[in-house]
Amino acid sequence: MQHWVLRWLILCISLCLCWTVPGISALYDKNGPVILLSEDNWAEEVFNTEKVVVVEFFAPWCGHCKNLAPEYKKAAENLKGLVKVAAIDCDDEANRRLCGAYDVKGFPTIKLFPSKPIEDEKNVGKFTKIPKDYYGARTAKAIVDFALPEIQSYVHVISNSYSISKALTVDEFFSKENDTISKVVLFTNKDQTTPLYKALSCEFHNRLIFGEVREKETAIVEKFGIDKFPKLLVIPKGSNDAIEFKDKFGYDSIFQFLDKYALSKTKLKGKEEKEPEPEPFDPEIYEITTQSQLESQCLSKPIGLCVFSFIILEPEYPESVAEHSNNLEIVRKVKKKFHDQSSVDKKLSLRFFWFNALSKEAKKLIKDFKLSDMFPNLMVLNPNRKVYRPLMGPFDEEGIEKFLNDIAKGRGSSYEYGFDVSIDEKIEKKDDEKKVEKKVDEKKDDEKIEKNDDEKKTDDKEEKKTESKSDEKDKTKDHDEL
């Protein structure tokens, strides 16, 4: 009897274990397409990446979470290489603090973390990522459609037409850092940059420079002898020879091809790593004279502030040259102080540049930002938050240092701007021409409207005939486009 009872107890315990293990286990396999997150790998997978990350906050016992799991896995498969798809078990005691920090009140909760960090307003000099809540359908397609448009692009459109905003000419693109970094050029028949190419530009950001030429740029296409689309080329650093990608187009195959030419990936700081050596001080204050310089050295940087000095230089006058040197020396001393300071407490990431205040490029910036025309002058630009602050005090070492320290400590006010920063007047002239054309068209329309009623009645029959012919033409056109 005792043996029978003992066997019965062992059987019950075994059955209980079999039933309870699936209930408390995670919904996702460690080796599956969904990345499993925890306190230990959160920073690495979510913050220390330039990829978009979709995160599901779940509990294994949640019925809606169980229903979502198959669709979420499908979304992860479809977004593989393009967007990270991850999940964190909020029922795990070790993860509860993290889930609470993101105000998770129900399961499943899905949030999207962008690729670009922004400055943390509460902690000066530190950066964070603000997640975007997902309220869509719990299907793979809906999640994929939500995530793809959020992929950041570091692709330069290459065009000789000034009508394309922020485009670089062939010469501008191929003159960028030829000896230090390799370039990638995609010739495509698509009107928009594809998610795949955007994702690759994120993966290799600051390790390769990405460009894109569209089929309608016939002069550039013919120059490179392109006879089919798409075609992907790499121009290795220090070389003028292009190497063609000849494998099947896909994320993994292109990644392996590009990785051979990319700069080595910066090793992220780990728990057991020593503090990296500070970067050597570069005393040069670089002059900006072209839009491509402004883009590559300031506007396209994911973090940091740009310090613009507007200084007069007239090379034909020795007095002007001497005064220019003195003013640059003031900026150089301030740059050195903040370089030494950032090596200790990492408060600010500053990049220093100067413009000749008499140049048309400087005048355009001064006009756009409504800066003082008393020189020398200075302003700080944050291109990621689209804010700026002009120097209101004296242009001397003490005045500039105090000004930058106030910014570091969050003192004073910055001003927002809602336009694309440009020093290229050609783009603006093109826009002005379009505005003039629009006004002319509007004037013509007004003249047509002023026709008297008698003329309208007389022309009714003719208009009907014209409309009928127009309809026939439209139908033919639609058929040709299909």
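Out of the residues in segment 78-127 that are outside any loop (DSSP other than H, G, I, E, B) and without any contact (Cβ under 8 Å) to a residue 24 or more places away in the chain, state the one that is farthest from Glu150 (Cα to Cα). Looking at the filtered set, the residue picked out is Glu93. Number of residues in segment 421-439 that are out of contact with any Phe, Trp or Tyr (no Cβ under 6 Å at 6 or more places or on another chain) and either at pLDDT below 75 or in the same structural domain as Gln297 (by TED's automatic domain parsing) (or both) equals 12.
Please work out which residue is nearest to the chain's Cα centre (by Cα), limiting yourself to segment 403-418 and to residues that are closer than 21 Å to Gln341 by Cβ, part of a loop (DSSP other than H, G, I, E, B) and small (Gly, Ala, Ser). Filtering first and then ranking leaves Ser414. Report, by residue number, each residue of segment 32-72 that is assigned to a strand (DSSP E or B) and among the β-branched types (Val, Ile, Thr). Within segment 32-72, Ile35, Val53, Val54, Val55 qualify.
For Asn327, indicate whether it is closer than 25 Å to Tyr417 by Cα and touching a residue at least 24 places away in the same chain (Cβ under 8 Å). No, not satisfied. So, in segment 280-316, of the ones that are part of a loop (DSSP other than H, G, I, E, B) and without any contact (Cβ under 8 Å) to a residue 24 or more places away in the chain, which residue ends up farthest from Leu371 (Cα to Cα)? Selected residue: Pro280. Screening Ala262 on (1) of a type in the set (A, V, I, L, M); (2) closer than 19 Å to Ile181 by Cα; (3) in a helix (DSSP H, G or I); (4) in contact with a strand residue (DSSP E or B) (Cβ under 6 Å, 6 or more places away or on another chain) shows it passes everything except condition (3). Give the residue, chosen from Ala147, Ala75, that is surrounded by 16 or more Cβ atoms within 10 Å (Cβ to Cβ), touching a helix residue (DSSP H, G or I) at 6+ places or on another chain (Cβ under 7 Å) and not in a loop (DSSP other than H, G, I, E, B). So the residue among Ala147, Ala75 that is surrounded by 16 or more Cβ atoms within 10 Å (Cβ to Cβ), touching a helix residue (DSSP H, G or I) at 6+ places or on another chain (Cβ under 7 Å) and not in a loop (DSSP other than H, G, I, E, B) is Ala75.
Could you check segment 149-181 and list, in sequence order, the residues that are under 20 Å from Pro302 (Cα atoms), of a type outside the set (D, E, K, R) and modelled with pLDDT of 90 or more? Correct list: Pro149, Ile151, Gln152, Ser153, Tyr154, Val155, His156, Val157, Ile181. Restricting segment 193-212 to residues that are in contact with a strand residue (DSSP E or B) (Cβ under 9 Å, 6 or more places away or on another chain) and not hydrophobic (A, V, I, L, M, F, W, C) leaves a set whose member that is farthest from Ser296 (Cα to Cα) is Thr194.
Restricting segment 168-224 to residues that are in a helix (DSSP H, G or I) and of a type in the set (Gly, Ala, Ser), the residue that is farthest from Val83 (Cα to Cα) is Ala219.
The values are calculated or read from the model by the stated rules, or taken from the named source; none is laboratory data. Because the structure is predicted, anything quoted here is derived from the model rather than measured. With ideal geometry, Cβ positions are generated from the backbone for all residues, glycine too; neighbour counts draw on all protein chains shown.
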